[in-house]
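The values are calculated or read from the model by the stated rules, or taken from the named source; none is laboratory data. On a predicted model such as this, the values are computed, not experimentally measured, just so you know. As a convention, Cβ positions derive from the backbone with ideal geometry for all residues, glycine included, and neighbour counts pool all protein chains shown.
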Amino acid sequence: MGARVLVAEDDVKQAHLIRVYLEREGHSVQVVGDGRAAVDRCRAYRPDLVVLDVMMPGLDGLDVCRILRGESDVPILLLTARATEDDLLVGLDIGADDYLTKPYSPRELTARVRVLLRRSGRLSAGDTAVLTVGDLRVDTGRFEVYVGERIVSLTAKEFGILAVLATEPGRVFTRAQIIDRAFGFDHYVEERTVDAHVMNLRRKIEVDPGEPRYVQTVYGRGYRMAESA
């Protein structure tokens, strides 16, 4: 079973595109085109997540976010063409859970939705995944990592990095992509911080951190998960 998602977007083409991609993920999607309708539908529909455009007629997305956050802990993903630091901080202050600037990739949007739903526990057990590479297992539902039969204790950021890489073994992720996917709203993390987290992660999951089997460095590009180990 997927989640119930409310999309509030006044651009008809964008709203349709979001709906198509989210429905491909198995979610049930309802779409509204203005802020007042978003508040009313959220109260009636009680969605598991809200995708909320900032620039809408009537109530804008920030006002809608304030109202919803005063009534509910529903995860909220803001969409906006405004990408200044002040805009980001306003979104944080009023309780949004994540923030995506236009133009964006629909695949990135669906990935953000997936992460928010998992973090909030609003996906059923059947919607979570156990990612396996060799004897490394990453259980995204339980937030647990095993190497063989040994459970490994990771920080939230270490787990986020590992889950991103394990989702697509063999794919090279740049440090910027890792920050964007693993750290959510914390977009001001410096790229060298990723290296520090990877170093700590390797100490915990690799037999020989100097010769890693799982999290591999691709020099000049970033990191990837081995396709087999």
Checklist entry - What's the number of the condition residue 84 fails, among (1) exposed (fewer than 15 other Cβ atoms within 10 Å of the Cβ); (2) modelled with pLDDT of 90 or more? => result (2)
Item to check | Whichever residue in the stretch 104-120 is β-branched (Val, Ile, Thr) and modelled with pLDDT of 85 or more and, among such residues, is surrounded by the fewest Cβ atoms within 10 Å (Cβ to Cβ) | outcome: 110
Item to check | Selected residue [touching a residue at least 12 places away in the same chain (Cβ under 8 Å) and under 24 Å from residue 177 (Cα atoms)] from 96, 8 | outcome: 96
Item to check | Some residue of the stretch 35-47 being under 15 Å from residue 110 (Cβ atoms) and either of a type in the set (A, V, I, L, M, F, W, C) or touching a helix residue (DSSP H, G or I) at 6+ places or on another chain (Cβ under 7 Å) (or both) | outcome: no
Checklist entry - Looking at this structure, is residue 184 modelled with pLDDT of 85 or more and either at positive phi or in contact with a Gly (Cβ under 8 Å, 6 or more places away or on another chain) (or both)? => result no
Next on the checklist: Consider the stretch 1-41. How many of its residues are hydrophobic (A, V, I, L, M, F, W, C) and farther than 22 Å from residue 102 by Cβ?
Outcome noted: 3
Item to check | Wholly enclosed strands (runs of 3 or more DSSP E) of the stretch 134-229 bearing at least 3 residues surrounded by 14 or more Cβ atoms within 10 Å (Cβ to Cβ) | outcome: 136-139, 144-147, 215-218, 222-225
Checklist entry - Restricting the stretch 22-60 to residues that are at pLDDT 90 or above, touching a strand residue (DSSP E or B) at 6+ places or on another chain (Cβ under 6 Å) and among the acidic types (Asp, Glu), which is surrounded by the most Cβ atoms within 10 Å (Cβ to Cβ)? => result 53
